[in-house]
1. Return the value, in Å² to the nearest 100, of accessible area buried between chains A and B (probe 1.4 Å, both sides summed).
2. What does the highest-first list of B:326-335, A:251-260 look like by mean Cβ count within 10 Å?
3. When Cβ neighbours within 10 Å are restricted to other protein chains, what is their mean count per residue of peptide B:255-264?
4. Given q = 0.12, 0.14 Å⁻¹, what are the Debye log10 I(q)/I(0) values for chain A, with equal point scatterers placed on the Cα positions and solvent ignored?
5. Suppose we compare each residue of the range B:284-301 in its chain alone and in the full protein complex with a 1.4 Å probe; which ones drop by at least 40 Å² of accessible area?
6. Dividing the convex hull volume of the alpha carbon atoms of the range A:299-356 by its residue count, what do you get in Å³ per residue?
7. Taking only protein heavy atoms and a 1.4 Å probe, what accessible area per residue, in Å², does the range B:164-316 have with all protein chains in place?
8. Give me a single rounded figure for B:270-279: the average over its residues of other chain Cβ atoms within 10 Å of their Cβ.
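The values are calculated or read from the model by the stated rules, or taken from the named source; none is laboratory data. Note that the structure is a prediction, hence the values are computed from the model and not measured. A quick note on method: Cβ atoms are made from the backbone with ideal geometry, for glycine too, and the neighbour counts reach across all protein chains shown. For accessibility, only protein heavy atoms count, side chains too; no ligands or nucleic acids. Shrake-Rupley method; radii C 1.70, N 1.55, O 1.52, S 1.80 Å.
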Number of protein chains: 2
Amino acid sequence: MVDTTKTVRFGILGCAEIARKVARAIDLAPNATLSAVASRSKEKAEKFASENGFPASVKIYGSYDRLLEDPGVDAVYVPLPTSLHVRWVVLAAGRKKHVLVEKPAALEVAELEQILAAVESNGVQFMDGSMWLHHPRTAHIQQLCFVPSSAKSIGPIHFIHSTGTMPATPEFLASNIRVKPELDGLGVLGDLAWYSIGASLWAKGYQLPITVTALPDVKRNSAGVILSITVSLLWDQPIQTLATIHCSFLSHISMDLVICGSNGSVHLRDFTIPYQETSASFDVTFGAKFVDLHIGWNVKPEEVHVVNELPQEALMVQEFSRLVSGIKDCGSQPSTKWPEISRKTQLVVDAVNKSLELGCKSVSL
Amino acid sequence: MVDTTKTVRFGILGCAEIARKVARAIDLAPNATLSAVASRSKEKAEKFASENGFPASVKIYGSYDRLLEDPGVDAVYVPLPTSLHVRWVVLAAGRKKHVLVEKPAALEVAELEQILAAVESNGVQFMDGSMWLHHPRTAHIQQLCFVPSSAKSIGPIHFIHSTGTMPATPEFLASNIRVKPELDGLGVLGDLAWYSIGASLWAKGYQLPITVTALPDVKRNSAGVILSITVSLLWDQPIQTLATIHCSFLSHISMDLVICGSNGSVHLRDFTIPYQETSASFDVTFGAKFVDLHIGWNVKPEEVHVVNELPQEALMVQEFSRLVSGIKDCGSQPSTKWPEISRKTQLVVDAVNKSLELGCKSVSL
C-alpha cells in the first residue's frame, strides 16, 4: 500500500557514497519516497539497492536516461561528479523532474547559469545539497543572534571565520572523485569550502562580498586539484566585515564557524556535520566585559541546545519535497531562494579561482 | 619586618591602568615586593599609591629618574606608552635595573634592538608583559598536544587561527593612549595583535614565518592608528602552516585560539585573559572521524581543566623575579628566552606594517 503522505517520488542518478545517506534521508522524510535508482550498469544499481535494503518497489535502471523517462519519478537526486551536473540536470529538467543536486552545484557560474535556465524554463525546483542549512540550529542562530530586536542579537557582524577540514586517507587522495580533475576539478574548494563560503554568505544575509582574495597557502595535487586553501571575503556594508575560510583535505577534522559582531559572538565546531544526529548546540557570548583590572570576564559562553527530530539531510529532503508538492499539487511557482543561494556561492567559488589565477590578488565581485 | 622570601624589589614607572593589575601581581608573587612607584608628578604617584592601598614602605617618586636612582629597587615594571619604552628601558638598564616592560616591547625592531643591546650589556633581565604565556594552561597544552610522543599530540600543525577583539568605548577611541599616534602608534597591532602573533609563534615553537601578509580590511582612526586588522602568516616547515589573525578595538570581546594539526585540534576562547582568575580550560579534539554515512562524529571535544593557584600576571612576576634572583644572588646569566620571544614577535609586527605599506603584499622574513 502506498503511503499517501509520501507524495514526492525520488529517483537517484548514480550510486555515490553520499547517495546512501540521501536515500536514507528520503526514507526518513515524511513527504518523500524512493521510487527508482539508476547507475551506468544495472548490476551496479542492483548491488546498491540490495546493500541499502531498498524495498522491491524501487525500480532499478541501468541508465540515467531510462530513469529520467520514468513518469513515476517526480524528482531526482543527482550525486554525480560535478563535471556531469550540467548535462544531467539540464536533461532532468527537460523531463520536468525537480532536481536536488549534490554540491558543488557546478564547476563554474557559466555552467550553473545553464542549469538554472533549464530548471526555470521547465518550471521545476532546484536545490543544492547543503544539508546544514536545513538543521533547525541554523534557523535558531539566525532568530536569536541575527535579528536586531532579539535579546541576544550579536549586532552588525565584524568578523566571520570558518573551517572545513578532514584528513583524507591515502586512498582518497589517490582515487576519490573529489581530487580528480576530470570529475570534481574544484577539489576542496567545491567540496568543504562550499559550506564555509555558504556559511559566510548566510551570516551576511546573502549579500555578496565586494572582494574575494585567496591566500598564498593553496596546495594542489599533481593534477592541479586544490587540496587545501585559505580565502578571505570582504564586505563593506552595513559595516566592514571580513571572513576567513580555511578548508583542507590534509588536516584533522574541523568544522568551525565563528561569527563576531558588535555585541556578541556565536561559536560552532560542528556546523556542517553535527556531532550527533538528532541534537546540536551552539555557543553564544553576549555583552562580554572584562571584570575589574581585566581579571576574568563577566560572562561565559552560553550553550544553546537544539533538538531535531529528523536528521538535517532528511529535513533537506522534506523542505525540497514540500516545495515540489506545492508546484505539483497546488500550482505554486518554484522557490527562487535555493537556486539563488547556490548561484551566489558559485560566484564566490569562481572569484576564488580567479584570485588564484591572478597570484592571490583580490578580485572584485 | 621585611619578608625575606620576597627577594626582588620592584619599582613601577608610571601609573597606567595596567599598573594596578601588575602592582597586585607583585604583591601576590611570593618572591617579589613593591618597593617604589613613580609618576611625572608626585601628586599623581601618591594618588595611585593611596587608591591601590600600597603600604607606607612603598616609596613615592615624582620623577622616573629618581626612582631609577634608588638602590632599593632591583627591577622596574614599565607600563609607559610604547613610544617611551626605548628611552626609559635603556636608562633603567644603565642603572642595572631588570626590566619587565608592558607589551608591545617597542614601536619597531630597530628600537627593540637598542633596548636589548642595553639590557645585554648591563647584564639585566628583560621580559615583556605577555601574561598568558605564564598561565599553566599554556604549558599544559604544549605538553599534551605539541610533544610528538604525547598520547594526544595534535601532530604537525596545519592551521592556526587567533583573534583579539574588544569593543572600545567612544572615550577609549577618542583619548586612550593605545590609539594616539605619538604614544602607542601601533594601535591594535601592538596591543591585542601582540598576543595573537605571539600565540601563533608559540604554537610553531618560535619558528619565524616565511611570509607575513596583511589583509585588505585594515581600519585606522583619523590619525592613522590601526583599530582593526587581519593578518596571515605562512610557514613551510616541517609542513605548510597558515595562521590567520584578526584583532580589533571595534568588535565584541573575543580571544580565540585554534590550532589544528594532522591528528587533532585545540580550541580556546579566552587565551589572553581567562574567563576566571584561578582556573581555566581548553578543548582538545583528537582522532576525530565521521561515523557511518558521515552522520555524526566518533568523538566530541574533551575539556581539559587547569587550576592555577596564582593568577597568570602573578606567575609572570614570579618567573621574572626567579630569573632576577638567579642573576642577583647566584651569578646566573640573564635568560635569553624572553627577549628572543619579544624580538620575534616584534619582527612579525614590523612585517605587518611593511605589508600594509606595500598595499597588502606578502613580506618575506
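1. It comes to approximately 5200 Å² buried between A and B.
2. Per-residue Cβ counts within 10 Å, averaged per peptide and sorted highest first, yield A:251-260, B:326-335.
3. The mean count of partner-chain Cβ atoms within 10 Å per residue comes to 4.
4. -0.92, -1.22
5. Hits at the 40 Å² cut-off: B:Ala288, B:Phe290, B:Leu293, B:His294, B:Ile295, B:Trp297, B:Lys300, B:Pro301.
6. In the range A:299-356, the Cα convex hull volume per residue is 178 Å³.
7. 32
8. 4
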